[in-house]
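Only one structure is covered here, and it is reproduced in the block below.
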Amino acid sequence: MQSALLAPSLAAAYAPYFRIGAAVSRRNLSDPDAAMLIARHFSSLTAENDMKPEHLLHREKTLMQGSDTMPALDFSPAIPFLDFAREHGIAMRFHTLVWHNQTPRWFFARDWSDREDAPLLAPDQMLQRLTNYIAAVMHYVNTNYPGLVYAWDVVNEAIDPGQGHCDAFRTKSLWYQIFGPDYLTEAFRAARACQAEGQQLFYNDYDTARPEKKKAVLRLLQRLQAEHLVDGMGMQGHLQMHALDIPSCAQAAQAYASLGLHVQITELDLHCTTADPDALIRQADAYRELFRTCLQLRREGCPLDAITFWCLTDGDTWLRAFRKEGSYPLLFAEDKTCKPAFYAVLHAMEDTAAQSQYPMA
Ligand code: GLA
């Protein structure tokens, strides 16, 4: 199979339509071949983990500062991504400012206590921590890397219809427990205040094409839209071969766009349990169908402007650890060769027969 380092650039092929992104790790950036692969094929970069609150918040420095509401930040985990993107002229999606997950409990606790049972902070003080955190991150990035970030995931995964709450908010989130749903509005207000020209503010979530979730997300977005606080909807897109429903994804994208929002697929992978050649061809066909649908949405005027793959090669995917079974969800194999799915996506805009165009050897 052809090395991904020699194959035609995906980013260049899709430049007339939308950005093609990858969420990558620090390990990817320090592997010269992986770094070349990123620079060749992608026009948008996301840090898989290193820009999440648990990586940027620094408890010892926070305690030393002596403020109840101003957390200290350490940007060293984020800097390699920002430097890499700037050096290679790749725009960045910042993921993520506010999330219930991968945010240390001490950030929500009185006196920044790291005891498991430490009392939670009062809402007014938590609001200051939230605002200070968002302002500090956005100020640092926008001052030191002006023009680099084009999209901010302001809030990730706040809706969970499975939890039975009437508005379908994720009630187990510490953000919710302290504030109720107002934390979302406050987060977007804080981000709006710090946003640089040309940047868009996103709400990001999974399962966003499922009817109940879609309904709740649309309700949330309408509320944010009433105050002009949100610019885009991030549909994560962790998809599975056996449950793929591309028409529902397209309908959901149109529903979000109908609110006047940009739409991006922010975390795309297509879980496939084997690397059996037939399975990889079926996966390629599914990817091709998905990208053809996205191109069609563009033609119909839907502002779908970026598609980001979650991880770089099958060897990097989070799904292997998560599913505890084989997973081959991406366009590149572990050895950085192009899978049939790569060619399917590369040629999705051409109206040719599916299988014959995937070079297998
Ligand atoms: C969610 C999050 C991402 C990442 C993936 C799995 O979708 O938004 O940050 O953690 O799960 O890796």
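The values are calculated or read from the model by the stated rules, or taken from the named source; none is laboratory data. Everything numeric in this text was worked out from a predicted model, so none of it was measured. Positions of Cβ are generated from backbone atoms using ideal geometry, with glycine treated the same way; all protein chains shown enter the neighbour counts. Heads up: the accessible areas ignore ligands, DNA and RNA and are worked out on the full protein's heavy atoms, side chains in. Shrake-Rupley method; radii C 1.70, N 1.55, O 1.52, S 1.80 Å.
Near R298, within a Cβ-to-Cβ distance under 14 Å, what is the net charge of the other residues, with Lys and Arg +1 and Asp and Glu -1?
Neighbourhood net charge equals +1.
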Return an integer: the convex hull volume of the alpha-carbon atoms of segment 1-149, in Å³ per residue. 135
Separation in nanometres of the label points that stand 7 Å from Cα toward Cβ, at E54 and D83: 2.5
What do you get when you divide the Cα radius of gyration of segment 146-299 by 2.2 N^0.38 Å, with N the number of residues? 1.13
Rank L297, C272, Y145 by how far each Cα sits towards the positive end of the charge dipole of the chain (+1 on Lys, Arg Cβ; -1 on Asp, Glu Cβ) and give me just the farthest. L297
How are the alpha carbon pair distances in segment 81-124 distributed across 10 Å bins from zero to the largest one, expressed in percent? 24, 31, 20, 20, 5
Charge tally in the Cβ shell below 11 Å around Y287, where Lys, Arg are +1 and Asp, Glu are -1, Y287 excluded: +1
Here the averaged projected area of the chain, based on the convex hull of its alpha-carbon atoms and given in nm², is 17.7
Segment 43-230, convex hull of Cα, quarter of hull surface, nm² -> 10.9
Residues of segment 248-361: accessible area per residue with a 1.4 Å probe, Å²: 38
Place a +1 charge on the Cβ of each Lys and Arg in the chain and a -1 charge on the Cβ of each Asp and Glu, then give the dipole magnitude about the Cα centre in debye, rounded to the nearest 20. 360
Please report, in debye to the nearest 20, how large the charge dipole of segment 196-268 is about its Cα centre when each Lys and Arg carries +1 at its beta carbon and each Asp and Glu carries -1 there. 280
Could you state the accessible area per residue of segment 95-219 in Å², with a 1.4 Å probe and every protein chain left in place? 41
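When the accessible area of segment 43-230 is split by element with a 1.4 Å probe, what percent falls to carbon and sulfur?
The computed percentage sits at 49.
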